[in-house]
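Below: the structure, in structure tokens.
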Amino acid sequence: MHANPILFSGMSEHRNESATLDEFPPAGEEVQSDSEGGAMAQESPKNSAAEIPVTSNGQLEDSHEHSFNRDLKRSLPVGLGLSETKITSHGFDSTKEGVVEAGPFPGKGGRPQQKSGPVVLADEVKNPAMEKLELVRKWSLNTYKCTRQIISEKLGRGSRTVDLELEAQIDILRDNKKKYENILKLAQTLSTQLFQMVHTQRQLGDAFADLSLKSLELHEEFGYNADTQKLLAKNGETLLGAINFFIANVNTLVNKTIEDTLLTVKQYESARIEYDAYRTDLEELNLGPRDANTLPKIEQSQQLFQVHKEKYDKMRNDVSIKLKFLEENKVKVLHNQLVLFHNAIAAYFAGNQKQLEQTLKQFHIKLKTPGADAPSWLEEQ
């Protein structure tokens, strides 16, 4: 149902001037009082148009414009002011009806009001408590998904992503680490026992030397044994320095270099579990129905899956690179340390003091006083 058009001026060009004057009162007639205008405005907004005087050319008379504005303001509904309303009209033969638009009413000589720009509301201040709560929620959800994936794999129900070549290298690394730790433990035991033997030999040499001075009849015999034990103690200290150097370098390789690589491996395995957990979620959603409720969930799951896939690929690449460099470093370090250990042990038990000392010089090993801490690998470089 269309509202009746409100007409003020601009009558159709097909109607003559006399018809316009017949429908509206002449300009010379007196406008009704304010009280009568208000009463007519309450009866119907259309009655106000009947009281609007026009000139012979169909335009509003300026002298009555103020009265018209007042009457029209009274006839409008409450809450819609005259300054907020712009009314346009067309002739009867126009195809368009009257339009009421929000805007200033353009009076004669009046200045149009400027339209205000868009109102921009400032972002609400983020609540730290809500941010922490959201982080806890995401962490809990991620932990739940990963735990469910781990249990499913152990029960044989869930599938897991496996890189056969990379997994084989990781297994070999872990097995070698255990074997290197065993060698390290045995070498430390040998070092402890050798230290005790050197200490005993030194004490025994001192005892022989003392008896050599006090026993004139056995002076030479005690003297030979004292010199032998002191020489063995000195060579033992040299060998002990080589063994401690070997232990320090192997310890650095096992407990720092390899351990750092295994830490990256653990991060890779965690990323793999997260990747499989979100992959499983996406597969389950894709197997279900697709409707207005599930499509947003599928899209969100696809985004999360892509994020964890990129993380998994990055960690897998990092592990591959670290394993490659570790293998090169391990071969170089162990080659030097095994050569050192062999030459030092062989020279010691062969009684070749010169060769034993030359071995230490070859690897830039400096002996410390007995009982002092073994030099670290970094100090020797």
Exercise. What order, most packed first, do the peptides 259-266, 201-208 have when packing is the mean number of other Cβ atoms within 10 Å of each residue?
Worked result: 201-208, 259-266
Exercise. How would you rank 162-168, 313-319, highest first, on the average number of other Cβ atoms within 10 Å across their residues?
Worked result: 313-319, 162-168
Exercise. What is the set of long-range amide H partners of Leu218 at a cut-off below 5 Å, with H atoms built 1.01 Å from backbone N?
Worked result: none
For this session: Under 13 Å from the Cβ of Thr143, count the other residues' Cβ atoms, weight Lys and Arg +1, Asp and Glu -1, and hand me the total.
Result: +3
For this session: Take the Cα of Glu357, step 7 Å along the line toward its Cβ, and report every residue of region 239-274 whose backbone nitrogen sits under 16 Å from that point.
Result: 239-242
Problem set entry | Accessible solvent surface per residue of region 185-324, calculated while the other protein chains remain in place, 1.4 angstrom probe, Å² | 57
Exercise. With θ set to phi - 60° and the Karplus curve 6.51 cos²θ - 1.76 cosθ + 1.60, what are the ³J(HN,Hα) couplings of region 338-352 in order, to the nearest whole Hz, using x for Gly and Pro?
Worked result: 6, 5, 4, 4, 5, 5, 5, 5, 5, 5, 5, 6, 7, x, 8
For this session: Based on the mean of other Cβ atoms within 10 Å per residue, sort peptides 220-229, 175-184 so the most packed one is first.
Result: 220-229, 175-184
Exercise. Once phi is turned into ³J(HN,Hα) by the Karplus curve 6.51 cos²θ - 1.76 cosθ + 1.60 with θ = phi - 60°, what whole-Hz value does each residue of region 231-238 show in order, with x for glycine and proline?
Worked result: 5, 5, 5, 5, 5, x, 5, 5
Problem set entry | Pairwise Cα inverse-distance average, inverted: Kirkwood Rh of region 150-309 (Å) | 21.7
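The values are calculated or read from the model by the stated rules, or taken from the named source; none is laboratory data. What you are looking at is a predicted structure, and each value in this text was computed from that prediction instead of being measured. When we count neighbours, we look across all protein chains shown, and the Cβ atoms used for this are built from the backbone with ideal geometry, even at glycine. Surface areas here come from the heavy atoms of the whole protein model, side chains and all, with no ligands, DNA or RNA. Shrake-Rupley method; radii C 1.70, N 1.55, O 1.52, S 1.80 Å.
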